[in-house]
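What follows draws every value from the coordinates through simple rules; no lab data is involved. Predicted model only: the values in this text are computed from it and were never measured. Cβ atoms come from the backbone with ideal geometry, glycine included; neighbour counts cover every protein chain shown.
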Amino acid sequence: MNRYPVWKYAIIVIALLVGFLYTLPNFFGEAPAVQVSAAKASQKVDSGTQARVEEALKTAGLTADVISLEAGSVRARFASTDDQLKAKDAIQKALVPDAADPSYVVALNLLSRSPSWLSALHAAPMYLGLDLRGGVHFMLQVDMPAALTKKAESLAGDLRTVLREKNVRHGGISRNGQSIELRFRDAATLDAAKRVLADQFGELQTVEVQEGGDYKLTASIKPQAARTVQDQALKQNITTLHNRINELGVAEPVIQQQGLDRIVVQLPGVQDTAKAKDILGRTATLEVRLVEESSEARAAETGTGPVPFGTERYLERSGQPVIVKKQVVLTGDNLTDAQPGFDSQTQEPTVNLTLDAKGSRIFKDVTRENVGKRMAIILFEKGKGEVVTAPVIRSEIGGGRVQISGRMTTVEANDTALLLRAGSLAAPMEIIEERTIGPSLGAENIAKGFHSVTWGFLAVAIFMCVYYMLFGLFSSIALAVNLLLLVAVLSMLQATLTLPGMAAMALVLGMAIDANVLINERVREELRNGASPQAAIHAGYDRAWATILDSNVTTLIAGLALLAFGSGPVRGFAVVHCLGIMTSMFSAVFFSRGLVNLWYGRQKKLKSVSIGTVWRPDADASAKAE
Amino acid sequence: MEFFKIKRDIPFMRHALVFNVVSFLTFAAAVFFLFSRGLHLSVEFTGGTLMEVSYSQPADLGAVRGAIAKLGYQDVQVQNFGTARDVLIRMPAVKGVSSAQQSDKVMATLKEADAAASLRRTEFVGPQVGDELAADGLKALAFVVVGIMIYLALRFEWKFAVAAIIANLHDVIIILGFFAFFQWEFSLPVLAAVLAVLGYSVNESVVIFDRIRENFRRYRKMDTVAVIDNAITSTISRTIITHGSTQLMVLSMLLFGGATLHYFALALTIGILFGIYSSVFVAAAIAMWLGIRREDLVKGGGGARKEDDPNDPNAGAVV
């Protein structure tokens, strides 16, 4: 009765093998490495980059243990931090000649020392949280009301223009918070305006109000459109953050949306938090200026002459210099939107800009006077300007809708629109949560967590072995298997391990032994009641199962609640807690039964089992003799 | 080895009233302290900035306090953290000053006073996040309570569900009472510990209830009190051994886990100790007061039982 069919043993062996394989990378530790990734979306990191890295290392006389191309970055692993630092300098020199305009991010990192065949199996060590490896964590809140107000403002401007074009005479358009109020003299114009709105402004919903002799229309942004605005604002901010963080040279930054209006930024290994905060909190500004077209300027562009008085020299993103006048035509404040699109006639990719009322007026005048000349849109970040685009003005542009086209790919159009928005409409952000953990504290936390788990485990294992003898040994082995599987699953899922996570690991082991205690006590009880050893083992496992299931489900409910409602440290705890309960069911019941069956199952005439003292209340003497 | 050589069923239920009175008094004291002293909430809940600064020499807390007071921040708490060389500084959020500026300023001042001061970690939580965390914590608690009650009501009967939840919420309140009385810091990990304890100590009640159900089936002639007494007696060795094992783990955390895990482990310790007490002495007693009967659990005789649990090894044992 206590025998497992072969397939059950097969499952156990497979689980152990897989568990062992995926736990293995954790033992190899980490080696210093240099990681090269792209700083710009247009930059590709491929085998060519890898060759350049190898070349750079060779000329510097350094040998890397491994150089690999993985997930869009080249990683070179070194034996010592000394080599790592030297290599970083060498690669930096070779790949990033101009520090002011980096096309690659060269960052220090730690890489697993596990052999390549393990990496090929996607077996990686557990992903350590910031509290274990040190670094910075920020949570930023995007000011959505501000984004919506801005949108309403731009829509109000559009409304004015369109109503004028359609000859609908209104008695004033004003923005009130996130809604727009339109006043009319009579009902007929109000109806006309309503038709225009329904026709051209799908994003707005209107409510009619009659106040005395006044006809009033209140337009507000439809919830659906508002969501789009918020989505865009968030994506916008995430992209901007990405660009800025590239500058910091962080190996594995995490930038994630959380909820509807929040962004989480995690920068492992970053120590200079002041700089990180400075860079994250920076705002970009946008300026529109005219390009100087004089012959002196041409000479300055090609580098053969000095930059003429009253002008400045900026670089285009392609590296092409542009000489622009110092006088600013427009700033990003006047730009309300920038979207990639397609020209309706030529089907060329375009970038479509929308200006507010004041911007449109200025733009109309400037374009009328400068047809045929070039105009530059410059993005300033940290006092450094970069020309995003410098198109030729083909005709006078009125109405505040500007289309930039020509010699652009769809990707470029997207990038340009994004950059323009970055300088103008990114909704303001605020840091609402911040955590910094020094590297020494991280290492200490790992040691603390490790010691807690180890000593706790040993204490429990020794107690089990003493109290339940061989069955206790089986239970302890099952507990070790539980730990193995838990670490394997965490490594496989690449779930973030934090200090509370390690605490959960210890706690789960403490709780998992509960199942084995239940089983062992039950077996003892059956023996006490006079069952034969084989029957006692069988009944002990069978009857304990229902109880184990019940108790694990209740614990799991608590774990799931923590997972659902917890954040930050609690989540790390909950993930390990829930996974640990799952693995404990397998190891404590299925696996330990397998061990017992293997040991005792084949003995037909089993006289006694080694499960410690089976004390019988009615026969004290016989128990002692046992 | 055998610790529990119990010859006869211990008449736990005879003293049920006494235990319930004791429980009620502890509970009342916990509630009293919760209201009179309140919980000492960590910055995660209240919002504010927390800084851990490490010195090469044992730190002079007075000097640190003085230096920060000069910056004009109000209600700043300075205390040792773990060792005498580590200092924990807690500052409430100041309107109009970003956390970045606040912690940078404080650190600059401290460095001026002692160049060896190094920042080990900072934590800033905006007030809006704090409120959310508190709300989420309560939601999680509600989710656990409702989830466990539904599960127990399905698996057993509503009376057991109510008894188990009352018994274990009473543990939770007592843990909170301890934190309020000693003004220990109540942080997110502690909250996690409290909820984990809730799930864990319900286990205890489940094990005993399982046994009560089994006994109802097996010993047709026993009355409810005797059935409960027997159930508790026959599971008590397991109860104490498992809790002991879990406590060994928690003890290891308490000893090796350092200051960060200190209160977490402490909450678990109290939870485990009171968990034993409440499931042995309180849960079953409440179930008894609620009037559990054989008929509640063993429905409609033999046929229903087979439906319940076709593999029930007790099926043959019923007389």
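Of note:
- Spin-label zone in segment A:463-484 - amide nitrogen under 13 Å from a point set 7 Å from the Cα of A:I11 along the C-beta vector: none
- For chain A, adding -39500 (n - 2.57) for each run of n ≥ 4 DSSP H residues and dividing by the number of residues yields -17000 deg cm²/dmol at 222 nm.
- Extension gain, A:L598 to A:V328: 0.36 nm times the residue separation minus the Cα-Cα distance gives 88.8 nm.
- Reciprocal of mean inverse Cα separation for segment A:283-431 (Kirkwood radius, Å): 15.7 Å
- Tail fraction, Cα-Cα pairs, segment A:362-485, threshold 16 Å, whole percent: 78 percent
- Sequence-distant residues sharing a close amide H with B:F186 (under 5 Å, placed H): B:H40, B:L41, B:S42
- Note on A:R361/A:V196: beta-carbon distance plugged into 1/(1 + (r/R0)^6) with R0 of 25 Å gives a FRET efficiency of 0.70.
- Debye-sum result for segment A:62-160 in log10 I(q)/I(0), which assumes one identical scatterer on each alpha carbon, at q = 0.18, 0.25 Å⁻¹: -1.02, -1.33
- Among A:Y9, B:Y263, the ranking by other beta carbons within 10 Å of each residue's beta carbon, starting with the fewest, stands as A:Y9, B:Y263.
- In this structure, the pairs whose alpha-carbon distance is over 22 Å, taken from A:K166/A:K358; B:K139/B:K159; A:K151/A:K194; A:K93/A:K326, are B:K139/B:K159; A:K93/A:K326.
- Segment B:98-220 - Rg and Dmax from Cα coordinates, angstrom: 22.4, 80
- For B:V146 and B:S56, the FRET efficiency from 1/(1 + (r/R0)^6), where r spans their Cβ atoms and R0 equals 45 Å, is about 0.30.
- Fewest-first ordering of B:T239, A:T218, B:T269 by other beta carbons within 10 Å of each residue's beta carbon gives A:T218, B:T269, B:T239.
- For segment A:524-613, chymotrypsin sites (Phe, Trp or Tyr not before Pro) are listed when DSSP marks them as loop and at most 12 other Cβ atoms sit within 10 Å of their Cβ; the list is empty.
- At 1.306 mPa s and 10 °C, Stokes D of the protein assembly as shown from Kirkwood alpha-carbon radius, µm² per second: 48 µm²/s
- Label point distance in nm, B:K111-B:W158, each placed 7 Å from Cα along Cα→Cβ: 6.5 nm
- Here, P(r) means the percent of Cα pairs in each 10 Å bin from 0 to the largest distance; for segment A:30-113 it is 20, 57, 22, 1.
- Helices assigned as whole DSSP H runs in chain B whose Cα atoms extend at least 20 Å along their own long axis and whose mean Kyte-Doolittle hydropathy is 1.6 or higher are found at B:16-36, B:158-182.
- Each helix, a run of at least 4 DSSP H residues, gives -39500 (n - 2.57); summed and divided by the residues of chain B, these come to -21500 deg cm²/dmol at 222 nm.
- Where labels lie 7 Å past Cα in the beta-carbon direction, separation of A:R185 and A:A535 in nm: 10.6 nm
- Cα pair distances exceeding 37 angstrom across chain B, given as percent: 33 percent
- Note on A:K325: aspartates and glutamates with a C-alpha under 19 Å away, same-chain residues under 8 apart excluded, are A:E287, A:E292, A:E293, A:E296, A:E301, A:E312, A:E316, A:D365, A:E369, A:E381, A:E386.
- Highest-MSF residue in chain B out of B:N203, B:N80, B:N168 [GNM, Cα springs under 10 Å]: B:N80
- Put simply, the convex hull of the Cα atoms in segment B:48-125 casts, on average, a shadow of 4.5 nm².
- Binning the alpha carbon pair distances of segment A:148-222 at 5 angstrom intervals from zero yields the distribution 3, 17, 32, 28, 15, 4, 0, expressed in whole percent.
- Stokes-Einstein D for segment B:1-95, Kirkwood Rh over Cα pairs, 10 °C, 1.306 mPa s (µm²/s): 88 µm²/s
- Scanning chain A for long hydrophobic helices, with DSSP H runs required to stretch 15 angstrom or more by C-alpha along their axis and to average at least 0.5 on the Kyte-Doolittle scale, returns A:6-23, A:439-493, A:499-528, A:533-565, A:569-585.
- Above 26 Å, the calculated P(r) of segment A:467-626 contains 35 percent of its Cα-Cα pairs.
- Given R0 = 56 Å, the distance between the Cβ atoms of A:E252 and B:K7 translates into a calculated FRET efficiency of 0.30.
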